[in-house]
Amino acid sequence: MTVLYTAKKYAVPALERRCVEFLKTNLSSDNAFMLLTQARLFDEPQLAALCLKTIDKCTAEAIVAEGFTDIDASTLTLVLQRDTLRIKELHLFRAVCRWAEAECIRQGLGVGGRQQRSVLGQALNLIRYRAVLMFPLMSVEEFAQGPAQSGILTDAEVVQLFLYFSVSAASSAA
């Protein structure tokens, strides 16, 4: 990455292209989030698109890689906006909680639910148990085991979602 930075700084296009090709060749689920952050920073849209494609295909592996908790909030938001992630929603929620804990530590905050909610900001609304309230992608059991107990959601939000699950279960049984 330092070579790419230097190539861009001193406007050496041939070296830039070689660096980007090298990064594309060595892209994997283990480094996709780190490379996505760098591709966005260095304005490399083709590399960023390839990173997103890798994250889509190997979401479960990519979110457990070390680089996931190091991404910035805008990259997290970009990824959470995607409908193409291949991962169970509960696992995605747990990964986002890990990211929020790391971000709280980076900002010198406590790691409680309120602080995590604060650092997540609008990204919280993109987690698909909430974003698609009409058709949540988590089962009631998954919601109860994860988000409901996380401390990130308000009591009113938890009640609202449990009511939704109850009503939809009753109407599907009828």
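Of the numbered conditions (1) among the acidic types (Asp, Glu); (2) more than 21 Å from residue 122 (Cβ to Cβ); (3) surrounded by fewer than 20 Cβ atoms within 10 Å (Cβ to Cβ), residue 44 satisfies every one except a single condition; which is it?
(3)
Restrict the check to region 36-51 and report whether at least one residue is more than 30 Å from residue 13 (Cα to Cα) and either in contact (Cβ under 8 Å) with a residue 60 or more places away in the chain or in a helix (DSSP H, G or I) (or both). Before you say what the answer is, go through the steps one by one.
Taking region 36-51 first, the residues more than 30 Å from residue 13 (Cα to Cα) are none.
No, there is no match, as no residue in region 36-51 is more than 30 Å from residue 13 (Cα to Cα) and either in contact (Cβ under 8 Å) with a residue 60 or more places away in the chain or in a helix (DSSP H, G or I) (or both).
Being of a type in the set (D, E, K, R) and either at pLDDT 90 or above or surrounded by 15 or more Cβ atoms within 10 Å (Cβ to Cβ) (or both) is the filter here, so list the residues in region 119-156 that pass it. Break it down stepwise before answering.
Narrowing region 119-156 to residues of a type in the set (D, E, K, R): 128, 130, 141-142, 155.
Once the filter is applied, which keeps residues that are of a type in the set (D, E, K, R) and either at pLDDT 90 or above or surrounded by 15 or more Cβ atoms within 10 Å (Cβ to Cβ) (or both), region 119-156 yields 128, 130, 142, 155.
Condition check ((1) touching a residue at least 24 places away in the same chain (Cβ under 8 Å); (2) in a helix (DSSP H, G or I); (3) exposed (fewer than 14 other Cβ atoms within 10 Å of the Cβ)) across all residues:
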| residue | (1), (2), (3) |
| --- | --- |
| 82 | yes, no, yes |
| 86 | yes, no, yes |
| 92 | yes, yes, no |
| 97 | yes, yes, no |
| 104 | no, yes, no |
| 108 | no, no, yes |
| 111 | no, no, no |
| 114 | yes, yes, yes |
| 117 | yes, yes, no |
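Out of the residues in region 50-76 that are at pLDDT 95 or above and surrounded by fewer than 16 Cβ atoms within 10 Å (Cβ to Cβ), state the one that is farthest from residue 146 (Cα to Cα).
53
Among (1) within 30 Å of residue 148 (Cα to Cα); (2) within 13 Å of the chain's Cα centre (by Cα), there is one condition residue 29 misses while meeting the rest; what is its number?
(2)
Report, ordered by the first and then the second residue, all pairs with beta carbons closer than 9 Å, sequence separation of six or more or different chains, a first member in region 1-24 that is within 15 Å of residue 43 (Cβ to Cβ), and a second member that is surrounded by 14 or more Cβ atoms within 10 Å (Cβ to Cβ) and small (Gly, Ala, Ser).
From residues that are within 15 Å of residue 43 (Cβ to Cβ), the pairs are 13/7; 16/7; 17/7; 19/7; 20/39; 23/39.
The values are calculated or read from the model by the stated rules, or taken from the named source; none is laboratory data. Computed from a prediction, not measured in an experiment: that's the story for all the values here. Don't worry about glycine lacking a Cβ; one is built from the backbone with ideal geometry, like all the others, and counts go over all protein chains shown.
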